[in-house]
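Readers should treat all values here as calculations from the given coordinates under stated rules, not as data from a laboratory. Model, not experiment: these values are computed from the prediction. Glycine also receives a Cβ, built like all others from the backbone with ideal geometry; neighbour counts cover every protein chain displayed.
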Amino acid sequence: MKITTKFLGEIEISEQDILKFEHGLLGLEDEKKFVLLPLDADLPLAMLQSINNAEIGFVVAFPFAFKKDYSFDISEEDREQLQIEKQEDVLTYAIVTMKESLQDSTINLLAPVIINIGAKCGKQIVLQDNKSYPLRFPLQALEGSAK
Amino acid sequence: MLVLSRKKDESIMIGDQIEIKILAIEGEQIKIGIVAPKTVKVHRSEVFEAIQAQNKEALSISSGFLEQLKKK
């Protein structure tokens, strides 16, 4: 099927690419079907695109590239909901807030997007209050750790 | 909305596993203790509101960002 994306024009996806977000994303509870689309292969970034609404497309980042020691537990409830059986099935992304300059851009480490790639479903979870995983973690941090 | 009045050290039960207790009242601030099973997530509502707002802000990216990334 064809979908219209926010930045990548019209693209062809297959039914198997669709990730179901039963509860949508926070503040976007009605968007329940997304696809992950690659961006530049050299960067730890991708697009999380709603299949029904071209405007709803997020830049997401592989958070471990920005914060090496990023780690959290997935609650029993979320594990059940996402039918997670083994760790290898889990992909973690953090939503990026892109600003005019990369210096001002941030990623959301407080509410990561968890995807079970085997079961094709996902959820945005909220971590317990934790000062080291803020809502706006500077993207700039990559420059220090990656170079 | 159900409204209940409670004094310090009094509590309410929600279901049979969640207890909300008033620990201290200091002027405008009230300290609340929550006993709940691990599967119940407890968050300040501002946290949710802030995440919702951040998600919306994250959607307002201009298409120029791709070029900007490549320049890096």
Electrostatic dipole magnitude of the protein assembly as shown [Cβ: Lys, Arg +1; Asp, Glu -1; Cα centre; debye, to 20]: 440
Cα pair distances exceeding 30 angstrom across the protein assembly as shown, given as percent: 32
Label-point separation, A:GLN16 to A:ALA41 (7 Å along Cα→Cβ), nm: 2.1
Cα-based helix-to-principal-axis angle, B:45-59 vs chain B, degrees rounded to 10: 10
For chain A, built as a Gaussian network whose Cα springs stay under 10 Å, the top-fluctuating residue of A:PHE137, A:PHE72, A:PHE58: A:PHE72
Entries in A:LYS120/B:LYS41; A:LYS86/B:LYS31; A:LYS86/B:LYS38 that, when Cα-Cα distance is taken, lie over 31 Å: A:LYS86/B:LYS31
Two-decimal log10 I(q)/I(0) for segment A:4-74, as the Debye equation yields it once each C-alpha is a single scatterer, q = 0.17, 0.18, 0.24, 0.28 Å⁻¹: -0.71, -0.78, -1.14, -1.26
Sorted by Cβ neighbour density within 10 Å, fewest at the top, the residues A:SER50, A:SER132, B:SER5: B:SER5, A:SER132, A:SER50
Of B:ILE32, B:ILE51, B:LEU66, farthest towards positive along the dipole that unit charges on Lys, Arg, Asp, Glu beta carbons give segment B:11-71: B:LEU66
Calculated P(r) tail over 19 Å for segment B:11-71, as whole % of Cα pairs: 60
Per-residue Cβ neighbour rank within 10 angstrom, fewest leading, A:GLU22, B:GLU28: B:GLU28, A:GLU22
Residue mean of other protein chain beta carbons inside 10 Å, A:13-21: 0
